[in-house]
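Here the structure is laid out as structure tokens; the discussion comes afterwards.
Every number in this text was worked out from the coordinates using simple rules, so none of it is lab data. Because the structure is predicted, anything quoted here is derived from the model rather than measured. We place every Cβ from the backbone using ideal geometry, glycine too, and count neighbours over all the protein chains shown.
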Amino acid sequence: MQDSQLTSDIRSLINNVETVIVGKTDTVQMAVATLLAGGHMLIEDIPGVGKTMLAHALAKSLDCTFKRIQFTPDLLPADVTGVAIYDQRDAEFRFREGPIFANVVLADEINRATPKAQAALLECLEEYQVTVDGVTYPVPRPFFVVATENPIEYEGTYQLPEAQVDRFLTRVNLGYPSPDDEVDVLTRQVLRHPIEDVEPVLSSEAVIALQEQVRRVFVEDSLKDYIVQITNATRTHPGVRLGASPRGSIALMRMGQAMAAVAGRDYVIPDDIKRVGVICLGHRVILRPDYEIQGVTSQDVIQETLRTVHEPTGLGRRSR
């Protein structure tokens, strides 16, 4: 059985975020799992469904530093990472940190910035550091980037390069709320927005401790083989031009561990992997043009793969 304090901390975080994000329990759990897995999240959806608010609710639920970067066409890399400024008094350059130096960073409308500005995130997303003028500066821990983008508006936007998208552990969608949930949203906002009442429930030290505990969630060897079979299947699918990389396999394993922790288990089962398959691999797969013309999506391919790859059976908690 998983440590009760770990389960309690995770449940408190999820409940806190759900005071703001109504009727999206699955998405909130995915977002919290992404944080626990030590990765970053890309939220892709239409305007007005709560992309930015989800990031704000997560940030306010943590007693951590928070910065928002509004990505625009005139944004420069130095506006993200920081810049070295010459100090005449000391006759030396001093580094002035950019907004990327925070525990939780909201990269809002990331596809509105030029590829050059987007590329400023590549190093910090993967290596948790920023290099400016040949000097490397570590970003603070925990470090969690939530990026948002609007998939239906193309004027004034720049498509994210594959290398950039691949560095996000998960890509999620919120979608419209149900009519009942939308009524609940209206009711909660009659007097004030519920985000104003969100209080921190976890410190930065607690988040780091949770991430370390999630890494210790047990993954059976047969499940590792199952994960690799899934990613290999995306590489050999007839409709796929570029399949998931080994980073995709790592993403499946890390998110599987995190989802097991969210479920209150200290071991991973196949259902954990299947639950996160689309959000971990859907943005890492590039289809052939003839399949795209037919209306096939990368999510369709991942779901087909999850149905056809045989899962290991008889798994449970095993000795480490």
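Residue ranges 90-103, 55-68, 272-285 sort as 272-285, 55-68, 90-103 when ordered by packing (mean number of other C-beta atoms within 10 Å per residue, highest first). For the chain, the alpha-carbon coordinates run over 69, 46, 46 Å along the three principal axes, in decreasing order.
The dipole here belongs to the range 1-157: it is taken about the Cα centre, uses +1 on the Cβ of Lys and Arg and -1 on the Cβ of Asp and Glu, and is about 320 debye.
Looking at the range 122-210, which GluC sites (Glu not before Pro) are DSSP coil and have at most 12 other C-beta atoms within 10 Å of their C-beta? Sparse-neighbourhood loop GluC sites (Glu not before Pro): E155.
Please state, to two decimals, what the Cα-based radius of gyration of the range 218-320 comes to when divided by 2.2 N^0.38 Å (N = residues). Could the numbers behind the result be given before it?
Details: Rg = 14.0 Å, N = 103, 2.2 N^0.38 = 12.8 Å.
Computed over Cα atoms of the range 218-320, the ratio equals 1.09.
Placing unit charges on the Cβ atoms only, positive for Lys and Arg and negative for Asp and Glu, gives the chain a dipole magnitude near 760 debye about its Cα centre. Counting only DSSP beta bridges with both residues in the chain, the antiparallel share comes to about 40 percent. Look at L121, L75 and count the other Cβ atoms within 10 Å of each Cβ; fewest to most, that gives L75, L121.
Positive contributions from Lys and Arg (+1) and negative ones from Asp and Glu (-1), summed over other residues with Cβ under 10 Å from the Cβ of Y176, come out at -3. Of the beta bridges in the range 1-114, as assigned by DSSP with both residues counted there, near 55 percent are antiparallel. Of the residues A102, Q299, A261, the one whose Cα sits farthest toward the positive end of the charge dipole of the chain, with +1 on the Cβ of Lys and Arg and -1 on the Cβ of Asp and Glu, is A261. As a rough footprinting exposure proxy, the listed residues H193, H237 were ranked by other beta carbons within 10 Å of their own, and the order from fewest upward is H193, H237. Ranking I250, V228, H283 by Cα position along the charge dipole of the range 218-320, where only Lys, Arg, Asp and Glu carry charges on their C-beta atoms, puts I250 farthest toward the positive end.
Amide H of A84 versus every other amide H placed in the peptide plane: which residues, excluding those fewer than 5 positions away on the same chain, fall under 5 Å? Residues meeting the criterion, in which the H sits 1.01 Å from N, are R96. As a proxy for reagent exposure, I250, I302, I14 were ordered by neighbouring Cβ count within 10 angstrom, fewest first; the result is I250, I14, I302. What the Cβ-Cβ distance of H310 and Y86 gives, at R0 = 51 Å and to the nearest 0.05, is a FRET efficiency of 0.25.
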